[in-house]
1. Return the sequence-ordered ³J(HN,Hα) values of region 278-284 in whole Hz as given by the Karplus equation 6.51 cos²θ - 1.76 cosθ + 1.60 applied to θ = phi - 60°, using x for Gly and Pro.
2. Explain nothing, just compute: Karplus ³J(HN,Hα) = 6.51 cos²θ - 1.76 cosθ + 1.60, θ = phi - 60°, for every residue of region 171-186 in order, whole Hz, x for Gly and Pro.
3. Just to be sure I understand the model, the point goes 7 Å from the Cα along the line to the Cβ. What's the resulting A20 to Q191 distance in nm?
4. Suppose we keep just the alpha-carbon trace of region 187-338; what are its Rg and Dmax in angstrom?
5. For the chain, what is the calculated [θ] at 222 nm in deg cm²/dmol (nearest 500), taking -39500 (n - 2.57) for each run of four or more DSSP H residues and dividing by its residue count?
6. A 18 angstrom limit on the alpha carbon distance is what I want to check against. Which of K295/K324; K23/K49; K6/K295; K8/K34 exceed it?
7. For region 82-166, what % of the accessible area comes from carbon and sulfur atoms, probe 1.4 Å?
8. Give the relative contact order (percent, whole number) for region 357-454; include only Cα pairs under 8 Å separated by 6+ residues.
Amino acid sequence: MNANRKTKQDNLHHLFSTLAEKKQFNGTILVAEKGEITYKGAFGLADFKTERKLTSRSIFDLASVSKAFTAMGIMILQEQGKLSYDDPVKNYIHELPYPGITIRHLLQHTSGLPDYMSFFLKQWDRSKFVTNKDVLDMLKEDQPPVRFQPNEQWEYGNTAYILLALLTERVSGMSYADFLQTEIFQPLGMQHTRVYNRRYSHERIEDYAYGHVYAAESNTYELPDHVPSVDYVVFLDGVQGDGAISSNVDDMLRWDRALYTDKLVKRSTLEEAFRPVKLNNQETFDYGFGWLLPKDQTGGRIVSHSGGWPGYHTYFIRYIDEDKTIICLNNIEQDTAFEQIILAEIDNILFERPYTIPASPPAEEAAVEIDTTVYSRYIGTYQLFPEGEIQVTQKETRLFFQLPVLSMTELLPLSETRFFPRATFDQVEFIRNASGKATEMILHSSGQSRKAVRIQ
């Protein structure tokens with residue numbers, strides 16, 4: 001190992017061992033350059049109940065990092081001559097009641113399709129599992145309105161990738177899981193990667209990292225299955241395509257290496273997958289086929305994706321001009337802003353820039369004493385965006401809020417009107433009317449502010 005690589009290895013170990021000691025990282029990390037591992041480590045627990053430790057071989061739910069595999073399946077079928085990106089989806093899924101949507105629109109999140117989760121969270125018998133067929137049946141029978149017309153806007157969503165999984169099955173004649181196994185995982189030697197719906201299938205995988213969320217009321221980390229605000233992970237466990245792939249850092253490095261070759265598809269096909277969206281109005285957005293397309297500080301190309309699901313945060317970042325790779329798999333829920341800071345410090349180490357250990361989010365000690373009777377003025381439902389409601393509740397002398405599809409968290413006071421969610425850099429500000437009752441909420445996060453209007 002050369003001196004530069006050794007220095008990077010030492011710095012990365014210092015960063016992650018320090019974060020682990022402060023209980024700010026629980027997961028596995030792999031950093032590679034030109035396919036050679038610069039650093040690999042595992043910190044924390046795979047199972048908080050049994051205190052089983054994570055290993056570098058531990059297998060995690062990838063959440064939305066799975067989307068790149070779904071997209072690759074479509075790219076393979078395109079090269080096999082079985083479909084074209086600009087084909088109408090209705091050519092393959094005839095019962096879909098939304099005209100004008102192409103396969104490309106699904107791949108690039110420009111279809112305008114409604115969010116399936118919002119529907120099933122409100123209108124589903126939670127004793128039954130939701131499957132991809134149920135999502136299609138919902139679109140066919142209930143026909144919720146589209147968010148916008150195809151290719152008029154870009155909006156990230158999950159419904160499109162469930163339809164891509166269904167389309168894969170209809171075109172290939174195989175199940176989505178078998179198709180990916182046959183066409184991607186097996187050829188690349190990804191022996192620890194599979195489509196895995198563990199609650200739906202009741203299968204168990206050795207060395208599996210169970211995702212945990214912080215249960216605000218009990219002040220402990222628990223499986224989301226037992227936390228009411230996120231127990232939807234159980235009945236939504238039958239869907240595939242938008243997530244549901246599990247893997248480990250070594251297999252993800254195999255995937256990374258394959259994307260520099262033509263082992264799965266031609267280089268020209270990959271280049272198209274890494275091209276930004278072009279909307280009808282000619283505006284572009286930095287998203288390809290299952291990949292975000294940011295630029296690094298020197299202007300080099302990056303293709304990446306993150307994944308979030310109760311108990312998991314995952315990141316897969318490829319600096320394709322420099323051939324550097326970051327694979328970060330977490331099995332606890334963590335502040336997204338803090339994770340971005342961690343990733344920025346990994347970037348600094350990787351490119352031999354000065355780095356620092358990130359400052360921690362405010363601890364509970366930062367909270368101030370206030371008259372908690374004001375909490376009753378804030379309890380209610382706030383509309384953040386057309387399909388997102390924030391719930392603010394109170395239990396005894398503690399105030400809680402819950403963002404859409406995330407676990408409930410406690411709000412700790414900085415003043416009578418300004419609060420911070422536990423273990424985050426975010427702040428929540430309540431705007432009150434003349435009588436002192438909150439009429440809206442301002443969310444301050446990562447230098448941006450968003451307003452949520454009280455509706456109940």
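1. For region 278-284, the Karplus-derived couplings read 10, 7, 4, 8, 6, 5, 10 Hz, x marking Gly and Pro.
2. For region 171-186, the Karplus-derived couplings read 6, 8, x, 10, 5, 4, 4, 5, 5, 5, 4, 6, 9, 10, 5, 5 Hz, x marking Gly and Pro.
3. Those two pseudo-labels are separated by 2.4 nm.
4. That works out to 17.7, 53 Å for Rg and Dmax.
5. -7000 deg cm²/dmol
6. Where the Cα-Cα span goes over 18 Å, the pairs concerned are K6/K295.
7. Carbon and sulfur together cover 48 percent of it.
8. Reported as a whole number, the value is 23 percent.
The values are calculated or read from the model by the stated rules, or taken from the named source; none is laboratory data. All figures in this text were calculated on a predicted structure; none of them were measured in a lab. Please note: Cβ atoms are built from the backbone with ideal geometry, for glycine as well, and neighbour counts cover all protein chains shown. Areas reflect the complete protein model, heavy atoms only, side chains present, ligands, DNA and RNA absent. Shrake-Rupley method; radii C 1.70, N 1.55, O 1.52, S 1.80 Å.
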